[in-house]
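Take a look at the structure set out below.
Each reported figure results from applying straightforward, stated rules to the coordinates on display, with no laboratory input. Predicted model only: the values in this text are computed from it and were never measured. Note that each Cβ is placed from the backbone with ideal geometry, even for glycine, and that neighbours are counted across all protein chains shown.
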Amino acid sequence: VQLQASGGGLVQAGGSLKISCVASGGAFSSTLMGWFRQAPGKEREFVGGISWGGDSTFYADSVKGRFTISRDNAKNTVDLQMNSLKPDDTAVYYCAARPYGLGLKRVSEYDYWGQGTLVTVSS
């Protein structure tokens with residue numbers, strides 16, 4: 001599975017941004033999809049995930065209530081809608097995938113990774 005994330009950019013604190021990930025080369029509809037982020041000097045951390053059928057989502061506490069993940073299996077895409085953005089949300093955001101699974105939050109639990117897209121939130 002190849003993943004490509006896009007949609008990052010510069011946004012003011014309190015604003016919104018949607019980033020997307022498109023998958024190719026595999027059975028997208030049977031994959032657990034996750035979003036992670038990595039800020040400068042910090043380790044990559046889990047942001048949120050969505051089940052293969054799209055009926056179950058799970059989030060890090062730091063983004064719960066502000067970020068929403070959705071997927072369209074017909075288009076092989078997964079989106080991350082980010083609202084009420086804070087400067088602490090500034091990071092490179094990565095989409096990741098693995099066959100099936102649910103509720104997985106560790107970097108090591110995902111097999112495929114996109115190249116990342118930079119989100120910068122100004123204060």
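Annotations for the structure displayed:
- Cross-link partners of Lys75 among lysines, defined as those whose alpha carbon lies under 23 angstrom from its own and excluding same-chain residues fewer than eight positions apart: Lys18.
- Trypsin sites (Lys or Arg not before Pro) lying in DSSP loop within region 3-97, provided at most 14 other Cβ fall within 10 Å: Lys42, Lys64, Lys75
- Taking region 5-123 and dividing mean pair separation by its residue count, relative contact order in percent (alpha carbons under 8 Å, at least six apart): 36 percent
- Gln2 paired with Lys64, simple spin-label distance in nm, labels 7 Å along Cα-to-beta-carbon: 3.8 nm
- Region 1-68: relative contact order in percent, alpha carbon pairs under 8 Å with at least 6 residues between: 22 percent
- C-alpha center-to-center spacing [region 81-109, region 16-75] in angstrom: 5 Å
- Counting only residues at least eight positions apart within a chain, or on another chain, the lysines with an alpha carbon under 22 Å from that of Lys42 are Lys64, Lys86, Lys105.
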